[in-house]
Amino acid sequence: MHEVGLAEGVLDIALDYAKRNDAKRIAEVTLLIGDMAGVEKDTLEFAFDSIKKGTIANDAKLVMHTAPIVGRCQKCGKEFHIDHYDFFCPECSDGVLELISGRELQVESLEVE
Amino acid sequence: MAVTIDVKADILGKNDAVAEELRNLFKEKHVFVLDLMGSPGCGKTTLLEKTMQALKDDINMAVIEGDLFTSKDADRIDRYGVPVVQINTAGGCHLDAPMIKKAIENIDLDKLDLLVIENVGNLVCPAEFDIGEQKRAVVLSITEGDDKPMKYPLMFKLASIVLLNKTDILKFCNFNLDGATEDIKTLNPGVEVLPVSCSLGDGLKPWLDWLREMVRSVK
């Protein structure tokens, strides 16, 4: 249940960037959420909808893109999608995959007026 | 007219900036800082009690206790004469870096070798928050079930050491010790996995040796 804190982080960033760009209204906030970020998307949306009230993001829609879990083998250097949280390289016998994507928690962009 | 603004800002950016500031401070003060995590009731405080018994005469320790509402854990630590600072999150499910920054105002870092931060009992949220620690330790008790590493992957992925606790009651539990160990190592190749019984003090030597080594490594 850390989604309320995350929603506050999203709103802070959105209001900050909107203000810097002299926006009157935020129509859409797009996030990038990694598959390994441990975020419950419905809860995040619910939290965001609760705290945005009365701000210029009052009507803002939350759009969430997901980033897959990807690892790079420290031995052969190849990149693989990671299934079932298996961090061993499927091609090298003992290569370990270093996590290069999947933990993203980012505000990607805003649509403002 | 609608305009798109490119942002690319980390949602936890503020927390992470404070965490980095803390990590630099701890490095400068030569203090090893451990984030101790695990479910409610997995044995984190009992592990700390056994750790203090073994190390407090050789290593200057302090503890930060994260708890939702009570000071029950801090009271247990206080009995060992180790400085302890209580953080009550008032229902919050994890500690964050600004909380630690405030808590260390009450700790003399110049005299410290080891700071253990016992996080709020929870396998989900604490994993997401960098609190300026150098390493993370996770306690999983066998009564929780051997499926938990794969159900809470981030927690186990980011740990440097995992203690499988309560092995003294293994024969009463349907817990596959080898299977759980394999799952943890699949998620996190290279992690140390130690079967222990904190209440009996069994199997703790590798844990204590690891802690001593970590403390030495920051001197």
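Computed from backbone phi with θ = phi - 60° and the Karplus coefficients 6.51, -1.76 and 1.60, the 3J(HN,Hα) list for region A:71-81 is x, 10, 5, 6, 9, 9, x, 7, 9, 9, 6 Hz; x is used for glycine and proline. Among residues other than residue B:118 with Cβ under 9 Å from its Cβ, the summed charge is -3 (Lys and Arg +1, Asp and Glu -1). Anything over 28 Å Cα to Cα? Flag those among B:56/B:151; A:75/B:50; A:24/B:8; A:78/B:27, in the order listed. Checking Cα-Cα distances, B:56/B:151; A:75/B:50; A:78/B:27 exceed 28 Å. For peptide A:88-99, the mean count of partner chain Cβ atoms within 10 Å of a residue's Cβ comes to 1. Annotation: amide H of residue B:85 within the under-5 Å range of B:63, B:64, B:65, sequence separation 5 or more or interchain, hydrogens built in the peptide plane.
Could you tell me whether chain B comes out rounded, prolate or oblate from its Cα gyration tensor? Rule is a ≥ b ≥ c as square roots of the eigenvalues, rounded for a/c under 1.5, then prolate if a/b exceeds b/c, otherwise oblate.
Since a/c reaches 1.5 but b/c is at least a/b, the shape of chain B is classed as oblate.
Which whole-number percent gives the relative contact order of region A:3-112, counting Cα pairs below 8 Å spaced six or more residues apart? Answer for region A:3-112 is 36 percent.
With a simple spin-label model that places each label point 7 Å from the Cα along the Cα-to-Cβ direction, the separation between residue B:17 and residue A:92 comes to 3.7 nm.
Where both residues lie in chain A, what percent of DSSP beta bridges are antiparallel, nearest 5?
Working: 15 of 22 bridges.
Of the beta bridges lying entirely in chain A, close to 70 percent run antiparallel.
The overall shape of chain A is prolate: from the C-alpha gyration tensor, with semi-axes ordered a ≥ b ≥ c, the ratio a/c is 1.5 or greater and a/b exceeds b/c. Counting Lys and Arg as +1 and Asp and Glu as -1 over every other residue whose Cβ lies under 11 Å from the Cβ of residue A:52, the net charge comes to -2. Across region B:123-219, C-alpha contacts under 8 Å between residues 6 or more apart give a mean separation that, scaled by the residue count, equals a relative contact order of 26 percent. Using the Karplus relation 6.51 cos²θ - 1.76 cosθ + 1.60 with θ = phi - 60°, the per-residue 3J(HN,Hα) values for region B:73-87 come to 6, 4, 4, 5, 5, 4, 4, 8, x, 9, x, 9, 10, 8, 10 Hz, with x marking Gly and Pro.
Each DSSP beta bridge with both residues in region B:14-217 is either parallel or antiparallel, and the antiparallel ones are about 5%. What is the sum of charges, Lys and Arg at +1 and Asp and Glu at -1, for the other residues whose Cβ falls under 10 Å from the Cβ of residue B:71? Once all neighbours under 10 Å are counted, the net charge is -3.
Bear in mind these aren't lab numbers, they're just calculated from the coordinates by the rules spelled out. Since we're looking at a predicted model, the values are computed, not measured. For neighbour counting, all protein chains shown are included, and Cβ atoms are generated from backbone atoms with ideal geometry for every residue, glycine included.
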